[in-house]
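Report on one structure; see the data block that follows.
Laboratory data are not the source of any read-out in this text; all were calculated from the coordinates shown. None of the values given here were measured: they were computed from a predicted structure. Glycine also receives a Cβ, built like all others from the backbone with ideal geometry; neighbour counts cover every protein chain displayed.
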Amino acid sequence: MPKMKTKSSCKKRFKVTAKGRVKAGQAGKRHGMIKRTNKFLRDARGTTTLSAPDEKIIKSMMPYSR
C-alpha cells in the first residue's frame, strides 16, 4: 500500500509533543494589537496546546505523527 500523505498546511503550523498533544501558535496576534488588552498580549505569547476535539482533526491530517 502506498504511503499516506501529510497535509502540508498542518506540518507547517503544528507540532506533536512527546505525550501526543498538538502544539500550535497562539491566535489573534497578527494585527490590531492596539485594541487588545495588555493581559491578552501577555497570555498569547509563545505556543499553546489544542483542545481535544481540535487535536482529533489535526491528527487525522498528520498520519505519521507519533
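If you take the residues in segment 17-46 that are in contact with an Asp or Glu (Cβ under 9 Å, 6 or more places away or on another chain) and surrounded by 12 or more Cβ atoms within 10 Å (Cβ to Cβ), which one is farthest from Lys59 (Cα to Cα)?
Just the residues of segment 17-46 that are in contact with an Asp or Glu (Cβ under 9 Å, 6 or more places away or on another chain), to begin with: 20-22, 24, 26.
Those left that are additionally surrounded by 12 or more Cβ atoms within 10 Å (Cβ to Cβ): 21-22, 24, 26.
Working: Arg21: 9, Val22: 8, Ala24: 13, Gln26: 18 Å.
Taking the candidates together, the pick is Gln26.
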Any idea which of Gly28, Gly32 is in contact (Cβ under 8 Å) with a residue 12 or more places away in the chain and small (Gly, Ala, Ser)?
Gly28
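For segment 44-64, which residues satisfy the criterion of being in contact (Cβ under 8 Å) with a residue 12 or more places away in the chain and of a type in the set (D, E, K, R)?
We begin by selecting, within segment 44-64, every residue in contact (Cβ under 8 Å) with a residue 12 or more places away in the chain; these are 44-50, 54-55, 58-59, 61-64.
Of everything in segment 44-64, those that are in contact (Cβ under 8 Å) with a residue 12 or more places away in the chain and of a type in the set (D, E, K, R) turn out to be Arg45, Asp54, Glu55, Lys59.
Enumerate the helices (runs of 4 or more DSSP H) found wholly within the chain, keeping only those where 3 or more residues are among the charged types (D, E, K, R) and under 11 Å from the mean Cα position of the chain (by Cα).
Numbers: elements: 8-13, 38-43, 52-61.
Answer list for the chain: 8-13, 52-61.
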